[in-house]
Amino acid sequence: SAVISQKPSRDICQRGTSLTIQCQVDSQVTMMFWYRQQPGQSLTLIATANQGSEATYESGFVIDKFPISRPNLTFSTLTVSNMSPEDSSIYLCSVVLTGANTEAFFGQGTRLTVV
Amino acid sequence: GIQVEQSPPDLILQEGANSTLRCNFSDSVNNLQWFHQNPWGQLINLFYIPSGTKQNGRLSATTVATERYSLLYISSSQTTDSGVYFCAVRRRRSWGKLQFGAGTQVVVTP
């Protein structure tokens, strides 16, 4: 398995500001992802965080709004930019281990409220 | 993309009861996972089960990949089983990306 530390665990932010969420993994992983869970909804993939290159975004998500960095194989950040109340969600970091067992593991999530 | 349907959407159980949650998916997959999201939002891995049957304590799961469905069984339910149960699948060549179902909200009453 993998131990994933995500910070902050929660935050309340003013509209128009930005928040950067950090994700640290206890081992090197090839695949790292960011998901969003809007209130009362399921999880939706935002993007794949690629080490050393630009993230790959899913339909409906853009780099200007959700810039992602991945400087190495154990760390990534997601920034939620120019926030509005519609960005209030839980944001989760996920990793998939390398090998035959491609099980995905999740961080504890960041609960963001925009006021 | 692949469709993932979970049923029922909501389930209310009395403590000690048994239940079955279902996950149907529309295409071949090489990964299927069940998660439990607790009231604090944390997503807990229950089973990694692309095929076959697994058991872990009071929980068990079965995936019939050829018929594109999976079942999660909860026996002798406890109040701590309350929360949302998600099924998530990964298609072949989807590079690790999971597609989640809408979830089943389970409430276990004393």
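Selection over region A:33-55 of residues that are at pLDDT 95 or above, touching a strand residue (DSSP E or B) at 6+ places or on another chain (Cβ under 6 Å) and open to solvent by 50 Å² or more (accessible area, probe 1.4 Å) gives a count of 2.
Only one of the listed residues (A:SER76, A:SER5, A:SER27, A:SER84) is over 15 Å from the mean Cα position of the chain (by Cα), under 21 Å from A:THR102 (Cα atoms) and not β-branched (Val, Ile, Thr). That residue is A:SER27. Mind listing just one residue for me: the one in region A:101-115 that is more than 11 Å from chain B (Cβ to nearest Cβ) and surrounded by fewer than 16 Cβ atoms within 10 Å (Cβ to Cβ) and, of those, farthest from A:LEU73 (Cα to Cα)? Here the residue is A:VAL115. Strands (runs of 3 or more DSSP E) fully within region B:48-107 that include at least 3 residues being under 20 Å from A:ASN101 (Cβ atoms): B:52-56, B:59-64, B:83-91.
Kindly check whether there is at least one residue in region A:74-84 that is within 14 Å of another protein chain (Cβ to nearest Cβ) and part of a loop (DSSP other than H, G, I, E, B). No: zero hits. Looking across B:SER70, B:SER94, B:SER77, one residue alone is within 19 Å of B:GLN14 (Cα to Cα), small (Gly, Ala, Ser) and surrounded by 14 or more Cβ atoms within 10 Å (Cβ to Cβ). It is B:SER77.
For region B:22-62, filtering for residues that are open to solvent by less than 30 Å² (accessible area, probe 1.4 Å), touching a residue at least 60 places away in the same chain (Cβ under 8 Å) and facing chain A (nearest Cβ under 9 Å) leaves 3. Just one of the listed residues (A:ILE46, A:ILE90) is within 12 Å of the chain's Cα centre (by Cα) and within 10 Å of chain B (Cβ to nearest Cβ), namely A:ILE90. Determine whether region A:64-77 contains at least one residue that is acidic (Asp, Glu) and open to solvent by less than 30 Å² (accessible area, probe 1.4 Å). No, region A:64-77 has no match at all.
The values are calculated or read from the model by the stated rules, or taken from the named source; none is laboratory data. Given the structure is predicted, the values throughout are model-derived calculations rather than measurements. Virtual Cβ from ideal backbone geometry, glycine too; neighbours counted across all protein chains shown. Surface areas here come from the heavy atoms of the whole protein model, side chains and all, with no ligands, DNA or RNA. Shrake-Rupley method; radii C 1.70, N 1.55, O 1.52, S 1.80 Å.
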